[in-house]
Amino acid sequence: MREYSARPQVERGEAAFWHRLPEGAAGCDLCPRFCELAPGERGWCATRYNRSGRIWAANYNWLSILQFARVESIPLAEYLSGGAVLKLGSFGCNFQPPGGEREQFGAEAGSGRSIYPRDIVNICMNLAPQGLVGAAFAYAEPLLWYEFVLQTAMLLKKCDMRCIVATAGFVNPRPLTELIPYLDAARFDLFSFDPLFYRENMHIQFEPVLRSLKLLHDSPVHLEVATPVIFGKNDDPIMLAALSAYLAEAFSPELPYHLIAPQRELTEAEKERLMQCADAAGRNLHRVYLS
Ligand code: SF4
């Protein structure tokens, strides 16, 4: 029998989804890795650890980055255009990013600082007269910052401010279902439509990702899907045609879809490839954005 902490009254820093195991061990139920942690151990994502037979969120009030940004920078192309948000992130990653770089998300950044949900909401409220519409949880995987994001999202909702997440969706259904009522918009990263790509490059299963995408789509949350392009890995137009065909058929040809290019100067060959990818996606989806 699994025991879940009471939410949202979860004690500060205690994880919301876990269960006890024999001999002081505890199992994490936040994501499909289902790490089983002996006392003192940390999970694969580095955000959860076992202290005294209970699981705690090491990133609970740890802020790694906070910026003011336009909603378009998330990117969301069809939501509150021109609005400004507080864009923030902590640390933690439960998959291997296909371009490498796991290290920058997998452990506490030395420059982080302590912050609480009410602080975020106070900043948002104070800057609302200047056009700030709410907060966007981005950078490292926000669903691994779960307790902080949920508590902040609940406070934002009470203040009639918006809450946005940018997620890769590798999370269990129950945590996501409990968060959805407090979300307003989501950018969902769908890196590929090939389960083998997810398995070999990201070391995760594809099915839970699709399950999260469906949960978000079937909710009132404004949803835009994005494929961060990694040249040589997920830029095959045939795969992108299959991905876009799936999105059009399972959801809608009107679903906003982004191809996100690497943030650097592209070569002519890369620009050409990106256009081929956009053409492939555009065969099935009507609203394709190059971001
Ligand atoms: S959230 Fe982290 S600790 Fe929990 S199961 Fe996933 S990888 Fe493991």
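Could you pull out every one of the lysines with an alpha carbon less than 21 Å from that of Lys157, ignoring same-chain neighbours closer than 8 positions?
Partners within reach: Lys87.
Can you give me the relative contact order of the chain as a percent, contacts being Cα pairs under 8 Å and 6 or more apart?
About 13 percent, as a whole number.
Please list, by residue number, every one of the GluC sites (Glu not before Pro) in the stretch 187-291 that is coil in DSSP and has at most 16 other beta-carbon atoms within 10 Å.
Hits after loop and neighbour filter: Glu254, Glu265.
Per the Kirkwood definition applied to all pairs of different Cα atoms, how many angstroms is the hydrodynamic radius of the chain?
One over the average 1/r among Cα pairs gives 19.6 Å for the chain.
Mind pulling the angle between the C-alpha long axis of helix 237-250 and the longest principal axis of the chain? Nearest 10 degrees, somewhere in 0 to 90.
70
Relative to the first principal axis of the alpha-carbon coordinates of the chain, what is the inclination of helix 268-282, with its axis defined by its Cα atoms, in degrees from 0 to 90 and to the nearest 10?
Result, in degrees: 80.
For the stretch 31-70, what does the relative contact order come out to in percent, with C-alpha contacts under 8 Å and a separation of six or more?
24
List the relative contact order of the stretch 25-174 as a percent without decimals, with contacts defined as Cα pairs under 8 Å and 6+ residues apart.
Answer for the stretch 25-174 is 23 percent.
Taking neighbour Cβ counts within 10 Å as the exposure measure, how do Leu290, Leu259 sort from fewest upward?
Leu290, Leu259
How big is the dipole moment of the chain about its Cα centre under a simple scheme where the beta carbon of each Lys and Arg is +1, that of each Asp and Glu is -1, and everything else is neutral? Debye, nearest 20, please.
780
Per residue of the stretch 15-24, in order, report the coupling 6.51 cos²θ - 1.76 cosθ + 1.60 (Karplus, θ = phi - 60°) as ³J(HN,Hα) in whole Hz, putting x for Gly and Pro.
My calculation for the stretch 15-24 gives 5, 7, 10, 6, 9, 6, 10, x, 6, x Hz in order.
What does DSSP give for the stretch 62-290 in terms of the percent of beta bridges that are antiparallel, rounded to the nearest 5?
25
Only the coordinates and a few stated rules stand behind these numbers; no lab work does. Just so it is clear, the structure is predicted and the values come from calculations on it, not from any experiment. FYI the Cβ positions are ideal-geometry reconstructions off the backbone, even for glycines, and counts take in every protein chain you see.
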